[in-house]
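Participant: There's a structure below that I have some questions on.
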Amino acid sequence: MNDGSSVAPGLPSPGQQTDVLEVRDVTVRFGGLTALDAVSLTAPPRQVTGIIGPNGAGKTTLLNVLCGFVRPDSGELSLGGTPLTGLAPHRLASLGIARTLQGVGLFQGLTALENVMAGATCHARAGFWPGLFGLVRSDRDERALQRRSLAALDQVGVADQAGRLPDQLAYGLRKRVALARALVARPRVLLLDEPASGLSEAELPGLGELITQFAADASVVVVEHRMDLMMSVCQAIAVLDFGKLIAHGTPEEVQADPAVTAAYLGTEDPGTEDPGTGHPGAGSKDGGTSEPADG
């Protein structure tokens, strides 16, 4: 692991063992449907942990549990030994957990810079919204918030787009603004929900480089269908199928696991590969489409 990354004042270094994200026996039910069935895994700091599986496997549900959108019926979550189970999303954000959505989720009436500033309110004394509407706040705090937000835009390569509205940006640039909005809070855990959705093949290498950079300062957890991307950026991959964890290991171990091949390919020839990717399952059940909301 690399040393020497900067972190927000008052937060433990992401390199410390205290920042391990732990999921223990988490179960989520929606009526008669079990979306997650006693799932356990860990996401160490300064590492990219991938979560893959066919459509409906429970991937997005797991991400929703980690950010507080969904409360598990049973099981426990913790970050560095601090219990997270049942905490509201804003409390989890204050503890250093940030998340992107499958879409971009930007405010259409705000510039790219203002959208990113909205993600940094946990670092602002007076808050972003009072400043936006001209209410009393510290000018010094406003300038610090702008600097931090510009730095986040620069980190993802779109600082020159700071003054543009979302509908003036290409989709790939909007995705990067959304990434900057999550990064500006300097999270200990960064949850990325299908960051490659809607991107062209030519944009994937740049996204992979960004995800690798993010892991220098945080634990990064990625849900994604693009198997070539996942195999290249993840140090560990967890595989879900029908809400159960069926495999967890290095990309090479996961690729070689017969249970993973069966989950993606069913009764097809285990040697089947998606053209151009060389990774089993990349073009099978998922088909490159977005997972339903109950994921």
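Participant: Being part of a strand (DSSP E or B) and either of a type in the set (Asp, Glu) or without any contact (Cβ under 8 Å) to a residue 60 or more places away in the chain (or both) narrows it down to one residue among Ala262, Ala247, Ala238; which is it?
Facilitator: Ala247
Participant: With the structure loaded, tell me whether Arg91 is over 16 Å from the mean Cα position of the chain (by Cα) and over 23 Å from Ala120 (Cα atoms) or whether it fails that test. Quick ask: steps written out before the conclusion?
Facilitator: Working: over 16 Å from the mean Cα position of the chain (by Cα): yes; over 23 Å from Ala120 (Cα atoms): no.
No, not satisfied.
Participant: What about Glu201, is it under 16 Å from the mean Cα position of the chain (by Cα), of a type outside the set (Phe, Trp, Tyr) and assigned by TED's automatic domain parsing to the domain that holds Leu92?
Facilitator: Details: under 16 Å from the mean Cα position of the chain (by Cα): no; of a type outside the set (Phe, Trp, Tyr): yes; assigned by TED's automatic domain parsing to the domain that holds Leu92: yes.
No.
Participant: Checking Asp228 against (1) among the acidic types (Asp, Glu); (2) surrounded by 16 or more Cβ atoms within 10 Å (Cβ to Cβ); (3) at pLDDT 95 or above, which test does it fail?
Facilitator: Against the list (1) among the acidic types (Asp, Glu); (2) surrounded by 16 or more Cβ atoms within 10 Å (Cβ to Cβ); (3) at pLDDT 95 or above, Asp228 comes up short only on (3).
Participant: Do the conditions hold for Leu192, that is, is it touching a residue at least 40 places away in the same chain (Cβ under 8 Å), outside any loop (DSSP other than H, G, I, E, B), buried (at least 16 other Cβ atoms within 10 Å of the Cβ) and out of contact with any strand residue (DSSP E or B) (no Cβ under 9 Å at 6 or more places or on another chain)? Spell out how you get there, then give the answer.
Facilitator: Details: touching a residue at least 40 places away in the same chain (Cβ under 8 Å): yes; outside any loop (DSSP other than H, G, I, E, B): yes; buried (at least 16 other Cβ atoms within 10 Å of the Cβ): yes; out of contact with any strand residue (DSSP E or B) (no Cβ under 9 Å at 6 or more places or on another chain): no.
No.
Participant: Being farther than 30 Å from Leu165 by Cα and either touching a helix residue (DSSP H, G or I) at 6+ places or on another chain (Cβ under 8 Å) or in the same structural domain as Leu21 (by TED's automatic domain parsing) (or both) is the requirement here; does Leu229 meet it?
Facilitator: Working: farther than 30 Å from Leu165 by Cα: no; either touching a helix residue (DSSP H, G or I) at 6+ places or on another chain (Cβ under 8 Å) or in the same structural domain as Leu21 (by TED's automatic domain parsing) (or both): yes.
Against the criterion (farther than 30 Å from Leu165 by Cα and either touching a helix residue (DSSP H, G or I) at 6+ places or on another chain (Cβ under 8 Å) or in the same structural domain as Leu21 (by TED's automatic domain parsing) (or both)), Leu229 does not qualify.
Participant: Just to be sure, is Leu173 modelled with pLDDT of 95 or more and not in a helix (DSSP H, G or I)? Lay out the reasoning, then the answer.
Facilitator: Working: modelled with pLDDT of 95 or more: yes; not in a helix (DSSP H, G or I): no.
No, not satisfied.
Participant: Test each condition in (1) in contact with a Cys (Cβ under 7 Å, 6 or more places away or on another chain); (2) within 30 Å of Asp167 (Cβ to Cβ); (3) of a type in the set (S, T, N, Q) for Thr111 and report the one that comes out false.
Facilitator: So the condition that Thr111 fails would be (1).
Participant: Given region 47-122, what helices (runs of 4 or more DSSP H) lie entirely inside it while holding 2 or more residues that are in the same structural domain as Ser197 (by TED's automatic domain parsing)?
Facilitator: On the way: elements: 59-66, 89-94, 112-118.
In region 47-122, the matching helices (runs of 4 or more DSSP H) lie at 59-66, 89-94.
Participant: Inspect all residues belonging to region 148-171 and state whether any of them is among the hydroxyl-bearing types (Ser, Thr, Tyr) and out of contact with any Ser or Thr (no Cβ under 7 Å at 6 or more places or on another chain).
Facilitator: Checked against the condition, which is being among the hydroxyl-bearing types (Ser, Thr, Tyr) and out of contact with any Ser or Thr (no Cβ under 7 Å at 6 or more places or on another chain), region 148-171 yields at least one hit.
Participant: Scan region 137-144 and give yes if some residue there is of a type in the set (A, V, I, L, M), assigned to a helix (DSSP H, G or I), modelled with pLDDT under 90 and more than 24 Å from Lys59 (Cα to Cα), otherwise no.
Facilitator: yes
The values are calculated or read from the model by the stated rules, or taken from the named source; none is laboratory data. Since the structure is predicted, the reported quantities are computational estimates derived from the model, not experimental observations. As a convention, Cβ positions derive from the backbone with ideal geometry for all residues, glycine included, and neighbour counts pool all protein chains shown.
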